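Here is the structure we will look at, set down as structure tokens.
The values are calculated or read from the model by the stated rules, or taken from the named source; none is laboratory data. Small disclaimer: the values here were computed from a predicted structure and weren't measured. Here the Cβ positions follow ideal geometry from the backbone for every residue, glycine too, while neighbour counts run over all protein chains shown. Ligands, DNA and RNA are excluded from the accessible area calculation, which covers all protein heavy atoms including side chains. Shrake-Rupley method; radii C 1.70, N 1.55, O 1.52, S 1.80 Å.
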Amino acid sequence: MPETRAEIRVPTADLREDLPFYTGTLGMRLDMIYPADNPEIAVVSGHGIRLRIEKGAPESPGTIRLLCEDPDGFAQGKRSLRAPNGMTIEIDELDPPLVLPRTEHAFVVRRLADQAPWVIGRAGMAYRDLVPGRLGGAMIASHIRVPDGPVADMVHFHKIGFQLIFCVRGWVDVLYEDQGGLRRLHAGDCFIQPPQIRHRVVESGDNIEVVEIGVPAEHVTEIDHSMELPTATERPEREWDGQRFVHNIGQTGEFRPFRIPGFEARDTTINENTKGVASVMVARPVPGAGEMPWTTHSADILFNFVMEGTMTLEGEGKEPYDLSPGDAFVIPPGMATRYRNPSGDLQLLEVTLPGTFDTQVTRKT
């Protein structure tokens, strides 16, 4: 393919004033200048961009954002500069620390029957927001439908604190960094994607639906153009920010007594493999358990998604909600609730942060 080169044109009134700023203050390289006797155009490059500084150019000066590993050591620590030609230079961190917003606790119920809108998001996938308001930005919970067949995805990663992919129905194939070949997720299975693990969705089928949880709600997704998946190495014990990749197979889980009397649950091992960052459980009623008690909890975030069956959710001071598949709810810490009239086929996906917390029975009925 013939070589191509791109330039961003910016105006100047006097090239002699602008060149020392771009080459000196910003450390860019002078690549071209003309005419020699009275220069009116210069091309400089650096920091991944190429600028054509042209006298009389009709464009407005615009803004350049420079992302630095050591912003305090660049341009004498200034975070905003103004070039002689009027261009603004914003200086920021190349890899800023992840900020986890403080949770704004709320009792939230989101029902599929209420016609919450589906929107088209990344890679052609349809998203439905399960927690409007997102607890002040503390988390995002999405019900996602993926079109059957190959997925137009690229190798990417997320700058995130915690991320869960739980398959509700269908199947999906995904490639993960250092985790061998294709991983197929079936209904009842889940992945946790540790912070910044590279991955790519490859193909899906059987009307795939997943629930995706992300903490915090707003987080950056970056494309990695250099990595090819699968990687040559397989490192199942590798950690990213203290978290291990988890591929939990639902059919292998063992149900044990749950934190709420009258229910049992299977543990997806996510509490253990995130070192307590989060817990993911699949809960169901115990046959013949009778009336369920009122309980409170001390978790910061407690989210549930109804995968199968029906139940009635009661909360102190709230009208009862009859719930069915596709419905979701969040219970704030300290609020007394009761799961009533669970059908025999009820299955709840419960996600909590942190993974370990207290549950108290406040009264039996």
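What strands (runs of 3 or more DSSP E) lie completely within segment 165-219 and have 3 or more residues being within 20 Å of residue 279 (Cα to Cα) and open to solvent by less than 10 Å² (accessible area, probe 1.4 Å)?
On the way: elements: 183-186, 190-192, 199-215.
Where strands (runs of 3 or more DSSP E) fall fully within segment 165-219 and carry at least 3 residues being within 20 Å of residue 279 (Cα to Cα) and open to solvent by less than 10 Å² (accessible area, probe 1.4 Å), they are 190-192, 199-215.
Working only within segment 138-159, note down all residues that are open to solvent by less than 20 Å² (accessible area, probe 1.4 Å) and outside any loop (DSSP other than H, G, I, E, B).
141, 142, 143, 144, 149, 156, 157, 158
Residues to consider are 48, 133, 124; find the one that is open to solvent by 60 Å² or more (accessible area, probe 1.4 Å), among the small types (Gly, Ala, Ser), within 30 Å of residue 303 (Cα to Cα) and out of contact with any Lys or Arg (no Cβ under 9 Å at 6 or more places or on another chain).
After applying the criteria, what remains is 133.
Among the residues of segment 241-293, which ones are surrounded by fewer than 18 Cβ atoms within 10 Å (Cβ to Cβ) and small (Gly, Ala, Ser)?
242, 250, 253, 262, 276, 288, 289, 290
Report yes if residue 65 is of a type in the set (D, E, K, R) and touching a helix residue (DSSP H, G or I) at 6+ places or on another chain (Cβ under 8 Å), otherwise no.
Here the answer is no, as residue 65 does not meet what is asked.
For segment 28-72, which residues satisfy the criterion of being among the hydroxyl-bearing types (Ser, Thr, Tyr) and not in a strand (DSSP E or B)?
Of the residues in segment 28-72, the ones among the hydroxyl-bearing types (Ser, Thr, Tyr) are 34, 45, 60, 63.
Scanning segment 28-72 gives a single hit, 60.
Given the criterion open to solvent by less than 30 Å² (accessible area, probe 1.4 Å) and in contact with a Leu (Cβ under 8 Å, 6 or more places away or on another chain), identify the matching residue among 41, 8.
Just one listed residue meets the conditions, 41.
Please determine, by comparing only the residues of segment 241-257 that are in a loop (DSSP other than H, G, I, E, B) and under 18 Å from the mean Cα position of the chain (by Cα), which one is farthest from residue 277 (Cα to Cα).
245
Which one of these is surrounded by 14 or more Cβ atoms within 10 Å (Cβ to Cβ), of a type outside the set (D, E, K, R) and either in contact with a strand residue (DSSP E or B) (Cβ under 6 Å, 6 or more places away or on another chain) or more than 30 Å from residue 336 (Cβ to Cβ) (or both): 71, 101, 96, 58?
Being surrounded by 14 or more Cβ atoms within 10 Å (Cβ to Cβ), of a type outside the set (D, E, K, R) and either in contact with a strand residue (DSSP E or B) (Cβ under 6 Å, 6 or more places away or on another chain) or more than 30 Å from residue 336 (Cβ to Cβ) (or both) holds for just one of 71, 101, 96, 58, which is 71.
Go through segment 272-365 and tell me which strands (runs of 3 or more DSSP E), entirely inside it, have 3 or more residues that are within 26 Å of residue 138 (Cα to Cα) and touching a residue at least 60 places away in the same chain (Cβ under 8 Å).
Working: elements: 279-285, 294-297, 301-308, 311-315, 321-323, 328-330, 337-340, 347-353, 359-363.
Once the strands (runs of 3 or more DSSP E) in segment 272-365 are filtered for at least 3 residues that are within 26 Å of residue 138 (Cα to Cα) and touching a residue at least 60 places away in the same chain (Cβ under 8 Å), what remains is 279-285, 294-297, 301-308, 328-330, 347-353.
Of all residues in segment 27-38, which are surrounded by fewer than 10 Cβ atoms within 10 Å (Cβ to Cβ) and more than 16 Å from residue 14 (Cβ to Cβ)?
36
Could you list all residues from segment 74-93 that are open to solvent by less than 80 Å² (accessible area, probe 1.4 Å), under 29 Å from the mean Cα position of the chain (by Cα) and over 30 Å from residue 40 (Cβ atoms)?
92, 93
Kindly indicate the residue of segment 198-217 that is within 21 Å of residue 305 (Cβ to Cβ) and of a type in the set (D, E, K, R) and also farthest from the chain's Cα centre (by Cα) among those meeting that condition.
Checked segment 198-217; the qualifying residue farthest from the chain's Cα centre (by Cα) is 206.
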